[in-house]
Amino acid sequence: MCGIVGAVAQSDITEILTTGLSRLEYRGYDSCGIALINQGELHRSRTTSRVSELISQIAQESLNGTIGIAHTRWATHGQPTTENAHPHFSKHSDQLSANIALVHNGIIENYDELKIMLESKGFVFESQTDTEVIVHLINYLYVDCLKEAVTEAISHLKGAYALAVMCRSEPHRLVGARHGSPLVLGCKPQNPTIHGNFLASDALALTGVTDQIIYLEEGDVVDLQANNYWIYDKSGACVTRTIHTVHSQSFNTDLGPYRHFMQKEIFEQPRAVADTLHDIDSIDPELFGLLARKRFSEIDGILILACGTSYYSGLTAKYWIEAIAKIKVEVEIASEYRYRQSVPSSNTLVITMSQSGETADTLAALKHAKNLGMTKTLAICNVPTSAMVRECELAYITRAGIEIGVASTKAFTTQLTALYLLTLVLAKLKGNLSELQEIEELKLLKHLPVAMQEILELEPKITKWADKFATKEHALFLGRGMHYPIALEGALKLKEISYIHAEAYPAGELKHGPLALVTEEIPVIVVAPTDQLLEKLKSNMAEVKARGGELFVFSDDASKIEPSSGMHVIKLPGVYGNLSPILHTLPLQLLAYHVAIVRGTDIDKPRNLAKSVTVE
């Protein structure tokens, strides 16, 4: 992984490739590269720097061509070095120059055995990647047709892949293939002077080039030439796939008054939540799709599948749905769910969540659930054209806009907003939401963006806490009830971007072990709104204070928690009831951000992380 762009046309496509890579930068990467065929030879340029540096290299080397492939890589096999960067070339010992070039997203699970076989056939490996076995395998199988060689090669692969491949001997042809990783075909360029066809791992990469997109299906192989394309399904039959008109997504890379995209996206949350609610005036199932009323009336349980931040939004929803709608909810980490024996029920609504809608573990868990007979499915996602939305029969699009910072902010709060709306819809269908309650809940939801803006104005107070954290290497986060998942999310944000080790616990669990960690060197951050558990939480805070721990408390006006020796308090204006988890998320995001500022980390592109995790 992480990003693929490919093109074959009648004119130079170098700028199309590099612009496409630039549009995929927000996903996170540690190297990038491009390969083109010019005058019958393969040429490439690679770097462990940014795409801007690659563009400079291309200019210096005067690279150009009418066919090419490009890639941003997030390392899986092999360190982030130039030798491991894509595209990879294949040259057999009896060939004078490289014959095949390839870029790949995914992981090949049987690469060790393939490598042994290929080395015995005279192929020399120059990288530590699993990808290099694919390019050598295609070269080994190549006779006179690249499409046939790719089709034969993928029959030997185990794992996930999206491929874009070209051959020196066929400079008019680009071949793509997908299994388990997304790949789209772009056709009918918007610019009439461009005659060509395109491949990408994300339609976003082709914005401004074409709005005519085909989403390749599992097992598809596509043969592209400048004036035509052919798609073959996994049985080898030539097939027709639906062309979708995809409207250009907003991609504002102007930071404005902000220092980082993460800060900008934190402050975009009131607008993002307002857009996610899009002026709803009633709590109706049809908000989630035309079949939603029928499907929701058939269910007696819910299974939520997600990873990372999205998993924490699912944990929060469990509290809401069980308390308000009175429906049993299970929340599973997607990467674990499909590898254990579970008890399926056809009357379960399976909810999948992902910012990108391309998260490999969540897509695989969804497929597993459907194979078990759980076909009532709902996607909550930020990308309407994503694989996850296409795989589910119901969907709610969160309208957060493109999130560039790797650490999720507005995607999380908009997911929570959608989940609370779902809670109300289910409660109404089950007869657990009166007409009067519906009116009151709608009023609270419409006020949510205003309340969020008021909390963001606390940034100067939160900034003052950052210096106290900057020298620390460990932190504890505490919450109770529906705020425990928010504590988990707060800990995740701090460790993602400041690299401080942080853990979150239900505050009542302190005395069952974590209290042993408490010293004056470990700050303890507490989410402490006014609710039925506040007095219990105050007792837990007293346990920390009695052991010399230093408390940093996010509370509200009604809590009667005051600053004292060893206890710092920031009070959020107002008491928010069931919407409190959404609002208490914001100060935790700001705290993580400003601690990272003091520590001088790469906030928008934290080390070792990628925005869209398209491998298992």
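Every number here is computed from the coordinates shown, using simple stated rules; none is lab data. What you see is a predicted model; the values in this text were computed from it and never measured. Reconstructed Cβ throughout: ideal geometry from the backbone, glycine too, with neighbour counts over all protein chains shown.
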| Given just the C-alpha atoms of region 449-490, how large is their convex hull per residue in cubic angstrom? | 91
| field | Helix runs (DSSP H) in the chain reaching 20 Å along axis by Cα, Kyte-Doolittle at least -1.0 | value | 410-429, 435-456, 484-498, 580-599
| request: Give me Thr413, Thr377 ranked fewest to most by other Cβ atoms within 10 Å of their Cβ, as a rough exposure proxy. | output: Thr377, Thr413
| Inter-probe distance in nm under a simple model that places probes 7 Å from Cα toward Cβ, at Lys560 and Thr193 | 7.4
| Expected-Rg normalisation [2.2 N^0.38 Å, Cα atoms] applied to region 270-342 | 1.29
| query | What are the lysines whose alpha-carbon lies under 17 Å from the alpha-carbon of Lys234, with same-chain residues fewer than 8 places away excluded? | reply | Lys147, Lys158
| query | In deg cm²/dmol and to the nearest 500, what is the mean residue ellipticity at 222 nm of the chain if only DSSP H runs of at least 4 residues count, each as -39500 (n - 2.57), divided by the residue total? | reply | -10500 deg cm²/dmol
| request: For region 256-456, report the convex hull volume of the alpha-carbon atoms normalised per residue, in Å³, without decimals. | output: 110
| said: Taking 35 Å as R0, compute the FRET efficiency from the Cβ-Cβ separation of Leu444 and Thr375 and round it to 0.05. | reply: 0.55
| note | Mean projected area, convex hull of alpha-carbon positions in the chain, reported to one decimal in nm², is 28.3
| note | Note, His501: beta-carbon cut-off 15 Å, +1 each Lys/Arg, -1 each Asp/Glu, net +1
| said: How far apart, in nanometres, would the label points at Glu41 and Arg390 be if each is projected 7 angstrom from Cα along the Cα-to-Cβ direction? | reply: 3.9
| task | Output the peptides 424-436, 92-104 sorted from most to least packed, where packing is the average of other Cβ atoms within 10 Å over each peptide's residues. | result | 92-104, 424-436
| task | Could you check the simple spin-label distance between Glu148 and Lys536, using points 7 Å along Cα→Cβ, in nm with one decimal? | result | 7.0
| query | How large is ³J(HN,Hα), in whole Hz, for each residue of region 156-161 in order, when computed from phi with the Karplus curve 6.51 cos²θ - 1.76 cosθ + 1.60 and θ = phi - 60°, using x for Gly and Pro? | reply | 9, 8, 10, x, 10, 7
| remark: Amide H neighbours of Asp30 at under 5 Å, excluding residues fewer than 5 places away on the same chain, with H built from the backbone geometry, are Arg73, Trp74, Ala75
| request: Can you put His136, His368, His247 in order of Cβ neighbours within 10 angstrom, beginning with the fewest? | output: His247, His368, His136
| message | Neighbour counts of other C-beta atoms within 10 Å: give me Met262, Met388 arranged from fewest to most. | response | Met388, Met262
| Any idea what Rg and Dmax come out to for region 457-616 if you just take the C-alpha atoms, in Å? | 15.1, 48
